[in-house]
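Each remark here refers to the structure printed beneath this line.
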Amino acid sequence: MALQTLQNNFAKRGTVKEVEEGLVLMPKFGEDDLIPCIATDVETGVILMFAYMNSEALTKTIQTREAHYWSRSRSELWKKGETSGHIQKIVDIRVDCDQDAICLIVEQKGATCHVGYYSCFHRSVELGASLDMRKIRLVKNENNKKYDPSLVYGAKDK
């Protein structure tokens, strides 16, 4: 069920020791050929977004130093900011110990979230407030949008 348009061109997975402590990139893509990726702001450490990458997205991100992701909803590769101009310049790419998750440390140009906020994580879950999980509230962390999405993407009825 390969989603990738590029065959995985990374080093073959090695031993546990090679994967966990070695110095060769051997990313573990899931059965869907995707690897989870978070992006954080280089200056503030704020988590900006979560997305997935396929082999092509990770390759392009490494080569161009600009973030590329795989859209599961559109089944296509996308460059972050291609439409909005809100690109992510790569400062560093981190891989976790199992090499099955990626963390991009980026210089964010403009907002990250497609609904206008700086971070896609612009709300927090209210903790300890209710035993009824259907009534758990969200608390805003950002009150002001950085841009009007309808001006960038057009009016969308979701």
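Annotations
- Matching label, semi-axes √(5λ) of the Cα gyration tensor in Å computed from the structure shown, candidates (i) 37, 23, 15; (ii) 29, 20, 16; (iii) 27, 25, 14: (ii)
- Debye-formula intensities of the range 87-158, expressed as log10 I(q)/I(0) at q = 0.11, 0.17 Å⁻¹, are -0.47, -0.89 (one equal scatterer per alpha-carbon, no solvent).
- Of the GluC sites (Glu not before Pro) in the range 51-154, the ones in a loop by DSSP (not H, G, I, E or B) with at most 13 other beta carbons within 10 Å are GLU82, GLU126.
- Taken over the C-alpha atoms, the range 23-103 has Rg and Dmax values of 12.1, 36 angstrom.
- For the range 28-115, the share of DSSP beta bridges that are antiparallel, to the nearest 5, is 80%.
- Applying the criteria of a DSSP loop state and at most 16 other Cβ atoms within 10 Å to the trypsin sites (Lys or Arg not before Pro) of the range 70-106 yields ARG72, ARG74.
- DSSP beta bridges fully contained in the chain are about 80 percent antiparallel.
- Centre separation in Å (Cα based) which lies between the range 23-68 and the range 96-120: 9
- Under 30 Å from LYS17, Cα to Cα: lysines that are on another chain or at least 8 residues apart: LYS28, LYS60
- About the Cα centre, charge dipole magnitude for the chain (Lys/Arg +1, Asp/Glu -1 at Cβ), debye: 540
- The range 30-153, relative contact order [Cα under 8 Å, separation at least 6], %: 21
Quick note: the coordinates plus some simple rules give every number you see, no bench work behind them. Keep in mind that this is a model prediction, so the values were computed, not measured. Please note: Cβ atoms are built from the backbone with ideal geometry, for glycine as well, and neighbour counts cover all protein chains shown.
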